[in-house]
Every structure is written in C-alpha cells, then in structure tokens.
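J.: First the structure, which I've put down as structure tokens, then a few questions once you've had a look.
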Amino acid sequence: MEKKELQACKIHSAKVRLDVLKMLKWRRYGHLGGAMSIIELLSVLYNRHLRHDAKNPNWEDRDYLVLSKGHAGPALYATLAEQGYFDKDMLFTLNEGGTKLPSHPDKTKTPGVDATTGSLGQGTSLAAGLGYTLRLEHSGQKVYLIAGDGELNEGQCWEAFQFIASHKLNEVIVFIDENKRQLDGWTENIIRQFDIAEKMRAFGFYTVRCDGSDEEAIDKAIEEVKGVKDQAVCVVMNTIKGQGSPYWEALVDNHAPKFNAEADAATDEDIARIEAWLKENGGL
C-alpha cells in the first residue's frame, strides 16, 4: 500500500470511529466493543479491496460482505455512511422504532448491507453458500466474511468452515476478529479458544495472523491470502475489544454498555482527540 493510500485508510478509520462513538453516545447504549475492533478492517476493505458502488448498492458484479458478528453493525453502518451509501444523519436513528439501522444488519432495510445477520454462526453458512454459488458461476467475485472469536463457540461456524475448506473456496476470505472477549467476559474463561490460527490450518485453511489495529498489516495479509489459488484462506486479526479508546478498552463490560456520566466524559475526550487528529491530517 502506498503512503497516500495508507493515510486515506487511517483517516477513514478515524472518521468511522468518531461516528460510532457519537452515534452510540447519542443512543445511550449499543454494541460498542465489538464494533470498535473491526473498524480498521472495514476501512481497508472498503477503500482497497471490496468491489462496490455506493450509487448502485445492488450492482450485480459487486463483492459481498457478510458481517456474521452482526452485533458490530454500528461499525458497518458508519462505514457505509462514510462511503456515501446514505446520509450520515441517519446514523442517529440507530435502534429507533422503524429505523433503517436496526441493532443487527438487515439487508432488506439498509442500503449496502448484503446479508442479514445477528444470530451468531449463521453468517458463516451464508458466506459459504454465497462463495459456492460464485464458484459455480465463475464470476471472480469475492465474499468477505467477518466472524468473532466468541462466535466460534457456535458449532455452525465449524461446519461452514469445513465446507469452505473442503471445496477450497478461496472465493470466501474469512476474517476472525480475535478481540478475546465476548458477551459474558473473556473467551479464555468461557470456552477456551486455544490457537485459532492453528485450528483453522488444521481444518485446511491457509491462515495468516495480523495486527487488526494496523491498516497496513491488514492490507498485507489480504494481499497474501488473495494470492492463494488452491486452498481456503483465513486472516486471524489480533484486536482489542473497544479498540481505539482507552476507556472502552479497559471497561470490563464493554460488549453492549449503557452510557453514564463517566462514559460520557471519557467518550467526549475520545471525540476531541480524534477530531484534533483529523484536523491535523486533513480529514476534517
């Protein structure tokens, strides 16, 4: 990635993080932790790899994004808004009655959403089916699947991974957000994950690890797995739940927190810091 492209991705990440913080503070609650940990990935995908057209969300030749960890919807919504799929003011309707931005993505409601997800595990099967269809059609399109590490408690994920690996469906690029926490606490304390990358390799995937907070590292990992022609592929990202905010990273219960005075003050500090960085770097 050239320096100019990297800076554009970093600016995009900062804008999306700013949007997520503002929209959830406005709403007073929401799935913040797992949304923050995939922001850099979404920035790299939408600015560098995903074939898409905000003016034509249903473009037949587009690539597909399946956010299997659907609770991270706020990050996807903010990304789509930054990409021009809809006006940013719509972000402040998150979770309202009749909104086009429900808590979990719904492809019948939101422009740019390709897959209705939220019941954990189901997105992995959906992506497998999409990938197999694209293989049969020889379309050259890709499916970018984002799953969470806590989500891997669902056996359905491993059934889908076995199918993808067995058919060598490199049309599906699997990303696992290893932020090490889930709804009820640390994954290590709930169902031990062991080494996720080694497990994926054992299932038949060409697997690489990368720093999920580093846009350049993410881009390099994607470029590497895209070069694999005869094997299923996976990128395991080392992330932090609440990534990019010292307060939210440190909060034990940061999966779907409610805002209070302390959270408001810390979030205001984050917003001011991000806005200052954007101004310094030509993003505002």
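J.: What's the longest uninterrupted piece of the chain once you rule out the GluC sites (Glu not before Pro) that are loop residues per DSSP with at most 14 other Cβ within 10 Å?
T.: Values: sites that count: Glu2, Glu60, Glu96.
In the chain, the maximal stretch lacking such sites is 97-284.
J.: Under 8 Å for C-alpha pairs, at least 6 residues apart: give me the relative contact order for the chain, rounded to a whole percent.
T.: 22
J.: For the modelled label position 7 Å from the Cα of Glu188 along Cα-to-Cβ, which residues of the range 240-284 have backbone nitrogen atoms closer than 15 Å?
T.: Counting backbone N atoms under 15 Å from the label point, the list is 240-241.
J.: What full-extension length gain, to one decimal in nm, is calculated for Trp59 and Glu137 as 0.36 nm per residue of separation minus the Cα-Cα distance? Show your work: numbers first, answer last.
T.: Working: separation 78, 0.36 × 78 = 28.08 nm, distance 1.60 nm.
Gain in length upon complete extension: 26.5 nm.
J.: Run the numbers for Glu262 and Lys3: contour at 0.36 nm per residue of separation, minus the present Cα-Cα distance, in nm. Mind showing how you got there, number by number?
T.: Working: separation 259, 0.36 × 259 = 93.24 nm, distance 3.76 nm.
So the extension gain works out to 89.5 nm.
J.: Considering only Cα-Cα distances, which of the following residue pairs are longer than 20 Å: Lys55/Lys109; Lys4/Lys226; Lys107/Lys226; Lys55/Lys107?
T.: Working: Lys55/Lys109 16 Å; Lys4/Lys226 22 Å; Lys107/Lys226 26 Å; Lys55/Lys107 16 Å.
Checking Cα-Cα distances, Lys4/Lys226; Lys107/Lys226 exceed 20 Å.
J.: Given the C-alpha centroids of the range 114-154 and the range 178-194, what is the distance between them in whole angstrom?
T.: Centre-to-centre distance over Cα atoms comes out at 22 Å.
J.: Something else: Could you tell me which chymotrypsin sites (Phe, Trp or Tyr not before Pro) in the range 51-89 are loop residues by DSSP with no more than 14 other beta carbons within 10 angstrom of their beta carbon?
T.: Of the chymotrypsin sites (Phe, Trp or Tyr not before Pro), the ones in loops of the range 51-89 whose Cβ has at most 14 other Cβ atoms within 10 Å are Trp59.
J.: Here's another thing I want to ask about it. Using the structure shown, list the pairs from Lys25/Lys88; Lys88/Lys258; Lys199/Lys220 with a Cα-Cα distance above 20 Å, or answer none.
T.: Numbers: Lys25/Lys88 15 Å; Lys88/Lys258 22 Å; Lys199/Lys220 22 Å.
Cα-Cα > 20 Å for Lys88/Lys258; Lys199/Lys220; rest within.
J.: What is the diffusion coefficient of the chain in µm²/s, taking the Kirkwood radius over Cα pairs and the Stokes-Einstein relation at 4 °C with a viscosity of 1.567 mPa s? Write down the numbers at each step before the final one.
T.: Numbers: Rh = 18.8 Å.
After rounding, the answer is 69 µm²/s.
J.: Taking a ≥ b ≥ c as the square roots of the Cα gyration tensor eigenvalues, with a/c under 1.5 meaning rounded and otherwise prolate when a/b beats b/c, else oblate, which class fits the range 152-284?
T.: Values: a/c = 3.28, a/b = 1.57, b/c = 2.09.
Oblate.
J.: Taking the range 30-185, how much of its Cα-Cα pair set, in percent, is spaced more than 23 angstrom apart? Before the final figure, lay out the partial values.
T.: Numbers: 4052 of 12090 pairs.
Percent of Cα pairs beyond 23 Å in the range 30-185: 34.
Bear in mind these aren't lab numbers, they're just calculated from the coordinates by the rules spelled out. These figures come from a predicted structure and were not determined experimentally. Ideal geometry is used to build each Cβ from the backbone, glycine not excepted, and the neighbour counts take in all protein chains shown.
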